[in-house]
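Here is the structure we will look at.
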Amino acid sequence: MKLLLDTCVSGVAARTLREMGHDVVWTAEWDSDPGDEQILRIAHGQGRVLITLDKDFGERAIVFGDAHSGIVRLVGIAAREQAGYCARVLEKYADELSEGAIVTADHRRTRIRSSG
């Protein structure tokens, strides 16, 4: 799966997801942070699911109607746990994400907001 990981997602998660065969772009490797709006635009333009800890991306998609190619938001997930959570969410919800769903995962539950 094509993924764009926000700077707040751990480098361990980026490396692990790459090792699993995902096509990963990690914004922490960029020279500068272009801001949330541009990051979401880049992810969508490249057909990448955005993975973040930041609720602003979901708000941009829902409130402002910004186009996206799926968003995964991790809530309260420690850096050492992020790779495992990402892997499970991507495996279980690949179809929904490919259709532009927004998936929010925390320790207790996973919520899905479909694109339509």
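Of the strands (runs of 3 or more DSSP E) lying entirely inside segment 1-110, those carrying at least 3 residues that are of a type in the set (A, V, I, L, M) and within 14 Å of the chain's Cα centre (by Cα) are 2-5, 49-52, 71-74, 102-105. Assuming I42 fulfils every condition listed in (1) of a type in the set (A, V, I, L, M); (2) surrounded by 14 or more Cβ atoms within 10 Å (Cβ to Cβ); (3) under 22 Å from Q82 (Cα atoms) apart from one, which condition is it? Failing condition for I42: (3). Against the list (1) touching an Asp or Glu at 6+ places or on another chain (Cβ under 8 Å); (2) surrounded by fewer than 15 Cβ atoms within 10 Å (Cβ to Cβ); (3) modelled with pLDDT under 90, the condition E59 fails is (1). With the requirement that a residue be free of Cβ contacts under 8 Å to residues at least 40 places away in the same chain and closer than 16 Å to R18 by Cα, what does segment 85-107 give you? Once the filter is applied, which keeps residues that are free of Cβ contacts under 8 Å to residues at least 40 places away in the same chain and closer than 16 Å to R18 by Cα, segment 85-107 yields Y85, R88, V89, E91. Across segment 1-39, the qualifying residues are those that are polar (S, T, N, Q) and surrounded by fewer than 20 Cβ atoms within 10 Å (Cβ to Cβ), and the one among them that is farthest from T104 (Cα to Cα) is S32.
The values are calculated or read from the model by the stated rules, or taken from the named source; none is laboratory data. It should be emphasised that the depicted structure is a prediction, and the values quoted were computed from it without experimental measurement. With ideal geometry, Cβ positions are generated from the backbone for all residues, glycine too; neighbour counts draw on all protein chains shown.
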